[in-house]
Amino acid sequence: QVQVVESGGGLVQAGGSLRLSCAASGTIFSINEIGWYRQAPGKQRELVAAFTSGGSTGYADSVKGRFTISRANAKNTVYLQMNSLKPEDTAVYYCTAELWGLDYWGQGTQVTVSS
């Protein structure tokens, strides 16, 4: 059973930065597909940034140039560096990891950007 735990959310003013962390544990295998989604109140969950199975990265258009996903040498740990935050970035951010065709989700971490 894979466990996914996020951390690093909080309250920040517009223009500020936050870094989210995600650790996936409970497996000896490297997780190839791992990334971040977010869900704002009243909206659907959307992909923010992710590593694909081929090792490349993908970003939502709304965060390109502001957010950067990276991973530690321990490949099952990823980060989301969020710069130039905007009030519309306010959401619960979820980390998800895929292993052997199963998706595992964290409990989410709240990011609130004040104007």
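Numbers at a glance
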read-out: The chain, accessible surface, carbon-and-sulfur percent (1.4 angstrom probe); value: 49
read-out: Charge context of Pro41, other residues only, Cβ under 15 angstrom, K/R +1, D/E -1; value: 0
read-out: Highest-MSF residue in the chain out of Gly35, Gly15, Gly54 [GNM, Cα springs under 10 Å]; value: Gly54
read-out: Dipole of the chain, positive end: most advanced residue of Cys95, Val113, Gly55 [Cβ charges, Cα centre]; value: Val113
read-out: Cα-derived Rg to Rh of the stretch 1-46, Kirkwood definition; value: 1.05
read-out: Cβ crowding within 10 Å averaged over residues, with 59-65, 46-52 ranked highest first; value: 46-52, 59-65
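The values are calculated or read from the model by the stated rules, or taken from the named source; none is laboratory data. No experiment lies behind these values; they were computed from the predicted model shown. Because the Cβ atoms are built from the backbone with ideal geometry, glycine has one as well, and the counts that use them run over all protein chains shown. Heavy atoms of the whole protein, side chains included, go into the accessibility calculation; ligands, DNA and RNA do not. Shrake-Rupley method; radii C 1.70, N 1.55, O 1.52, S 1.80 Å.
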